[in-house]
Amino acid sequence: MVHTLRGEQRAGQMSIRSAGGVPVLDETYNLSVLADSATADRLSILLTTGVPVPGLTLSPGGYGLCKSVNAVRREDQVLFWDITAEYSSEVDDRQNSQGSPSSDPVSWIPVYETKFERMQEIVTKDTAGVAVANSAGQPFETGIIRARFIPIWELFQFESASVTDEVVLGRNEVVNLNEFRGKLAKTLLCSVMSSVIGYYYGASRRLTRYALRYNEQTWIHKRLDVGTVYLDTGAHKPYLDDAGNVILGGLDGAGAKVTAGDPPSVLEFDLHEAVDFSAFLRI
């Protein structure tokens with residue numbers, strides 16, 4: 001004879017709580033098992049066919065995953081064991097989405113966390129917009145490096161399991177094509193920190209962690225427009241000083257010399273692909 005699951009008892013419990021801004025469903029189901037003997041191995045009771053398995057069995061409603069199973073033998077009926085199975089919809093990966101537990105998590109609006117990161121950059125203009133060059137208009141041999149803190153917004157977002165890895169990779173190290181949440185184009189750099197496909201809230205979904213780094217100076221690479229040659233009616237000519245020596249001189253952004261004493265122009269280069277953030281971020 002083997003142990004027999006006798007089914008669900010009348011007692012039961014369900015609750016909703018908040019964990020980090022996430023609505024979590026906790027469910028408790030009470031079952032009973034008839035053992036084949038009074039001296040049955042206790043572990044074998046929990047291994048009875050039909051008894052929920054922690055980490056594997058979904059709740060009958062499909063929202064929660066079994067977290068624990070407890071078996072207690074009745075004192076007056078030694079062949080009967082009362083089983084308590086606890087389920088929870090809480091996601092193991094830390095995340096800060098919020099929404100109604102009855103709605104699809106893929107539509108939930110994430111709650112973000114603000115952090116700060118120190119970055120260094122070579123400055124080509126000062127705070128007044130003047131190019132970094134000497135009084136004769138020549139750029140310095142070494143640029144000026146400025147260190148400053150920039151904000152980082154981290155968020156977790158549920159997405160459809162149909163979102164492929166290739167799609168997620170296309171969202172990594174990209175800048176915003178248009179204004180997004182009041183931030184000008186190319187001032188936000190999106191990084192994908194992690195992306196996991198799992199069984200969340202009763203269905204297969206993807207949970208992705210994003211980080212948005214905000215640089216008010218934009219993520220466009222900037223360089224002073226200087227060179228040892230310049231363009232004259234389409235031809236390259238050496239940039240000479242009054243003594244006929246080749247020098248590193250300032251250019252006007254179109255290849256021509258700048259007026260003596262004027263600083264060089266600043267050239268900008270896109271190092272990151274620009275995409276529409278509103279097409280995949282819900283914040």
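The values are calculated or read from the model by the stated rules, or taken from the named source; none is laboratory data. Keep in mind that this is a model prediction, so the values were computed, not measured. Cβ sites come from the backbone with ideal geometry, for glycine too, and all protein chains shown count toward neighbours.
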- Task: Filter the stretch 162-184 for residues that are surrounded by 15 or more Cβ atoms within 10 Å (Cβ to Cβ) and among the hydrophobic types (A, V, I, L, M, F, W, C) and give the result.
- Result: VAL163, VAL168, VAL174, VAL175, LEU177, PHE180
- Message: Tell me whether the stretch 264-273 contains one or more residues that are in the same structural domain as PRO110 (by TED's automatic domain parsing), small (Gly, Ala, Ser) and surrounded by 14 or more Cβ atoms within 10 Å (Cβ to Cβ).
- Response: no
- Message: So, in the stretch 116-135, how many residues would count as being aliphatic (A, V, I, L, M) and either in contact with a His (Cβ under 8 Å, 6 or more places away or on another chain) or free of Cβ contacts under 8 Å to residues at least 12 places away in the same chain (or both)?
- Response: 1
- Name every residue in the stretch 207-242 that is of a type in the set (A, V, I, L, M, F, W, C), farther than 16 Å from SER265 by Cβ and surrounded by 16 or more Cβ atoms within 10 Å (Cβ to Cβ), in order of residue number. LEU207, ALA211, LEU212, TRP219
